[in-house]
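Down below is the structure, laid out as structure tokens.
The values are calculated or read from the model by the stated rules, or taken from the named source; none is laboratory data. Source: prediction; values computed, not measured. Cβ placement follows ideal geometry from the backbone for every residue including glycine, while neighbour counts extend to all protein chains displayed. In case anyone asks, the SASA skips ligands and DNA or RNA and just uses the protein heavy atoms, side chains included. Shrake-Rupley method; radii C 1.70, N 1.55, O 1.52, S 1.80 Å.
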Amino acid sequence: MKWPSILIITACALLLLPFRAQSAPDLLDVMQTELDRSMATFGASEVPLYYLQYAVTERHTYDMQVVNGGLEAPQRSDKRYLDVDVRVGSTKLDNTHRIRGGNWSDNYSYRKQTDFPVEDNPAAIRAALWNSTEQQYRQAQERFTKVQTNRQVKVQEEDLSDDFSSAAPQKYSEPITRTTLDTTYWQPILKRVGSFLASFSFVQESAVRLSSGDVATYLLSSEGSRLQHGNHYLRLNMTVAATADDGMELQRRFGYDTATPEKLPNEATMMQDAQQLVDELRALISAPIVEPYIGPAI
């Protein structure tokens, strides 16, 4: 038996089999599963949870910069943050109700954004959602007890409007994309412009920085709202700094903001603006010193 021939035939047969890439789980679907579970669990408690909202903010940043003529290592950051909005009681009276006579911490506490898993791991995502929801629910429970106690010991309020107004659920979804910077194109340009700014003897500090940022928001509420949308930010900055003869620190800055790499300026435009920055800084340094006005003695 010729094993090599069999192995080759088997390998070829495997290559002909259809290949299906395993797609990442949809983040909103995982969030929806956990939201439904939390509503069923805490909604049936003695102090019922009647409204729950999850908002996940995803941020991806990438920075390239040349400082004083030297190209620095690129910096990348990928993070997600979770914000949980919990309301217990009823729409008429809930944990957000103002406590009359309370101190600052009783009425102006804020919801804290917490770190959230960056990887699309359903188990990790659900665990993070459950932990934050349970913590927020316990805190809301405690505050609702204070609200009820405060109402019992105080005279009737003049404003008897509800603490929460229901709204029609909003649904919107758009594809979430990431900005791709061509580093082989931009790094030489940043290097040349940065070296030009640093070549002047009176320029003590200079920097050219290109930053990209992608922000995506995923939002779910127990009322049925389901939102997924994103934004893109690109910023190109040039900075020069010097010190005047009298010790005053001088700085000039120029920047470009856009949403796509195609709208960033080309090298020729950057060089023209860099020259203008240098000229403005030189003019500030050589400007005559104006003595402060001192009025006549009275």
Note to self: Keeping all protein chains in place and using 1.4 angstrom, which order do D245, D26, D85, D159 fall into by accessible surface area, from largest down?
What the structure shows: D245, D159, D26, D85
Next item on the list: Quick one: accessible surface of T41, probe radius 1.4 Å, all protein chains present, in square angstrom to the nearest 10.
Entry: 70 Å²
Notebook entry, point to check: When N is the residue count of segment 152-288, what does its C-alpha Rg come to as a fraction of 2.2 N^0.38 Å?
Noted result: 1.76
Item checked: Largest-first ordering by accessible area, 1.4 Å probe, given options H97, H229 -> H229, H97
Item checked: Candidate lysines - alpha carbon under 22 Å from K92, same-chain residues fewer than 8 apart omitted -> K146, K154
Notebook entry, point to check: Among the aspartates and glutamates, which have Cα under 17 Å from the Cα of K79 when same-chain residues fewer than 8 positions away are ignored?
Noted result: E58, D63, D115, E119, D120, D214
Item checked: Förster-model FRET efficiency, 41 Å R0, R178 and S201, C-beta, rounded to 0.05 -> 0.45
Checklist line | With DNA, RNA and ligands ignored, accessible area of S222 (1.4 Å probe; Å², nearest 10) | finding: 40 Å²
Item checked: For segment 178-248, average projected area of the Cα convex hull in nm² -> 7.8 nm²
Note to self: Just to be sure I understand: if I project the alpha-carbon convex hull of segment 89-202 onto a plane and average over all orientations, what area do I get in nm²?
What the structure shows: 15.7 nm²
Check: In whole Å, what are the Cα extents of segment 39-100 along the three principal axes, biggest one first?
Finding: 64, 32, 13
Next item on the list: Pop out the carbon and sulfur fraction of the accessible area of segment 43-155 as a percent, whole number, probe 1.4 Å.
Entry: 47 percent
Check: If you average over every viewing direction, what projected area does the convex hull of the Cα atoms of segment 216-281 give, in nm²?
Finding: 7.5 nm²
Note to self: Could you compute how much accessible surface R151 exposes when probed at 1.4 Å, giving the result in Å² to the nearest 10?
What the structure shows: 80 Å²
